[in-house]
Amino acid sequence: MEDEIWLTAREAAELTGVSVVTVYSWVRRGRLKVEGLDHRGQKLFRHLAVAQAEKATRAKAKRVLVTAA
């Protein structure tokens, strides 16, 4: 798809407000898939996939951080 937005790990990290290490953690855990490489050999991710990985991570964090009253 020509009109998709592709992001490097650094761009994905900046967009979501996390570190590059976290982006690669999403990859290791299967939450984010490397979809290709740019002209410099950097891994590329689909914008929508990055947003979905961030949403899943933040939703899980809310479940973990909820304390019993």
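If you compute semi-axes √(5λ) of the Cα gyration tensor in Å for the structure shown, which of (i) 26, 12, 10; (ii) 55, 15, 4; (iii) 23, 16, 7 do you land on?
(i)
With a sphere of radius 12 Å drawn around the Cβ of LYS33, what net charge do the other residues whose Cβ falls strictly inside it have (Lys, Arg +1; Asp, Glu -1)?
+4
Which part of segment 1-24 falls in the paramagnetic zone of GLN52, meaning amide N under 18 Å from the point 7 Å along Cα-to-beta-carbon?
Within reach of a label on GLN52: 1-9, 12-13, 16, 23-24.
Before rounding to the nearest 500, sum -39500 (n - 2.57) across all DSSP H runs of length at least 4 in the chain and divide by the residue total; then give [θ] at 222 nm in deg cm²/dmol.
Details: 3 runs with 36 residues, N = 69.
Calculated at 222 nm, the ellipticity per residue is -16000 deg cm²/dmol.
Can you find, among ALA61, LEU7, HIS47, the residue sitting farthest towards the positive end of the charge dipole of the chain, where Lys and Arg contribute +1 and Asp and Glu -1 at Cβ?
ALA61
How large is the accessible surface of LYS55 in square angstrom, using a 1.4 angstrom probe and rounding to the nearest 10?
150
The values are calculated or read from the model by the stated rules, or taken from the named source; none is laboratory data. Values in this document were obtained by computation on a predicted structure and should not be read as measured data. As a convention, Cβ positions derive from the backbone with ideal geometry for all residues, glycine included, and neighbour counts pool all protein chains shown. Just the protein is used for accessible areas: all its heavy atoms, side chains included, with ligands, DNA and RNA removed. Shrake-Rupley method; radii C 1.70, N 1.55, O 1.52, S 1.80 Å.
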